[in-house]
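Okay, so here's the structure we're looking at.
No value in this document is a laboratory result; all are computed from the given coordinates. Everything quoted here is computed from the prediction, not taken from an experiment. Here Cβ is always computed from backbone atoms with ideal geometry, including for glycine, and neighbour counts include all displayed protein chains.
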Amino acid sequence: MITLAIVLAVFVGVSLGLIGGGGSILTVPLLAYVAGMEAKQAIATSLLVVGTTSVVGSISHARAGRVQWRTALLFGATAMAGAYGGGYLAKFIPGGALLIGFAVMMVATAFAMLRGRKNTAAGGDQSRRPPLLQIASVGLAVGTVTGLIGAGGGFLLVPALVLLGGLPMPIAVGTSLVIIAMNSFAGLLGYLSSVRIDWALGLALTAAAVVGALIGARFAGKINPETLRKGFGWFVLGMASLILGEEVHPAVGITGAALTVVAGAMTFACTHYAACPLRRLTRRSSPKAAAA
């Protein structure tokens, strides 16, 4: 099982290299259900894996000038405080409850992936400075979530940087990787006050994820980003169903998985075929259809 976990960690890294996020969404279930780690140990180890992989990913962005260091350091400093506090508070919360919270975050992440992000022009104003108080407050909140359940870094950070600071998407992604690394290591320190991790296994998984991230980065421009984003979103919904089935009740997981399959099939049908009930309903309810 350990060998399988290391092989799957490569695919975790590939997903990070391809879409720039989602590492913990895949790493925590992998560690908990494949490597057999206890919930808190899995979350702590995932922070090590994601943090180190984010450092590697941020280097190329920094070399290309796609990191706004002022925002990264200010946002990261407050987020680190929240992440350390969240990691420390986790010792008072049952592991099962943390995994359920993680599954809820997975569902929110999946919907964000399926809905897509509002992009900002690539040539936007890179020197624009977001309000300091907003950066500090949002950084603290995001950091607390990251430290507590080991998730929510990139998928909360990138929209926040785009909407708060008006950063172009490439700058927001590069800046967020720096913040994710700071968050992850601060959260890990918080967990280490009460959780012991297997450093040999953690470093092996980290090395595998880094290799995967480098592979994914090479293929990032060759895959349709819309297809990749939506496919990943449906996969995350399926993984959330698995966790809820394990931690709450099998019926909850089966129901979630069934709804995911039905919704995915309807989405595929409405994308590729004209005979789609949702499309018909939309046409009937539209002002143009009513006027006709």
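Can you give the extra length, in nm with one decimal, that the chain gains between D198 and R70 once fully stretched, where that is 0.36 nm per residue apart less the Cα-Cα distance? Please list the in-between numbers first.
Details: separation 128, 0.36 × 128 = 46.08 nm, distance 3.50 nm.
Once the chain is fully extended between D198 and R70, it gains 42.6 nm.
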Output ³J(HN,Hα) for the range 171-184: one whole-Hz value per residue in order, computed from phi by the Karplus curve 6.51 cos²θ - 1.76 cosθ + 1.60 with θ = phi - 60°, and x for Gly and Pro. 5, 5, 5, x, 5, 5, 4, 4, 5, 4, 4, 4, 4, 4
Computed FRET value (nearest 0.05) for T227 with A62, which takes r as the C-beta separation and R₀ as 22 Å: 0.15
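By how many nm would the segment from V261 to I2 grow when fully extended, if each residue of separation counts as 0.36 nm and the alpha-carbon distance is taken off? Numbers along the way, then the final one.
Working: separation 259, 0.36 × 259 = 93.24 nm, distance 2.99 nm.
Length gained between V261 and I2: 90.2 nm.
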Modelled label-to-label distance, A251 and K91, 7 Å Cα→beta-carbon offset: nm? 3.8
